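Chemist: Just dropping this structure here.
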Amino acid sequence: MSVPMIRRAVAGALVAALVLGLSGLALAHTVSFRTRLTINPKPDGRVSAGETVVFKGRLASPRPACERRSRIQLILVGQGVVDKTRTDGQGRYRFEQVVNETSTWRTRFKGKVLNAVHPHNHTCERSRSPKIRVRVV
């Protein structure tokens, strides 16, 4: 092979590598799915000191994989995490907690990674429920 032919071959190989590399980047992506967390106490309203309150709720997302087997934390506002559980196949969760004084509660989902295989990144966004107040009489 002559020198000009070698230069053309090398230039062609570089162009091909560049085109393939850029098309690979075009296929790479990051997707983040929104989530929403609810909380409902039973009984609601006022309870007696030492009564067990059941906190139920649901983690909702347009992506079902975000809802299934996701870790949920029960938080006593001002003190921190008091319990953890995982959602069922429909995103539902449940906690039972003895309440001795008037307190404010919420639940939290820290988010999770569904697919972290390079160059794709699929994640479920974090969310938290509204705060609820349990009054002890």
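Each reported figure results from applying straightforward, stated rules to the coordinates on display, with no laboratory input. This one's a predicted model, so the numbers in the text were calculated from it and none came from an experiment. Here Cβ is always computed from backbone atoms with ideal geometry, including for glycine, and neighbour counts include all displayed protein chains.
Chemist: Taking Cα pairs under 8 Å and at least six residues apart, what relative contact order does the range 46-91 come out at, in percent? Can you show the working numbers first?
Modeler: Details: 50 pairs, mean separation 16.5, N = 46.
Across the range 46-91, relative contact order equals 36 percent.
Chemist: Pick out, in residue order, every one of the trypsin sites (Lys or Arg not before Pro) in the range 51-137 that is DSSP loop and has at most 14 other C-beta atoms within 10 Å; say none if there are none.
Modeler: On the way: sites: 56, 58, 68, 69, 71, 84, 86, 92, 94, 106, 108, 110, 112, 126, 128, 131, 133, 135; in loops: 68, 69, 110, 126, 131.
When the trypsin sites (Lys or Arg not before Pro) of the range 51-137 are filtered for loop state and at most 14 Cβ neighbours within 10 Å, 69, 110, 126, 131 remain.
Chemist: Here's a follow-up. Each label point is 7 Å from the Cα along the Cα-to-Cβ direction; what then is the distance between the points at residue 92 and residue 34, in nm?
Modeler: 2.5 nm
Chemist: Can you list residues from other chains, or at least 5 along the same chain, whose modelled amide H is less than 5 Å from the amide H of residue 33?
Modeler: Here the answer is 123, 124, 125, since their amide H atoms fall under 5 Å of that of residue 33.
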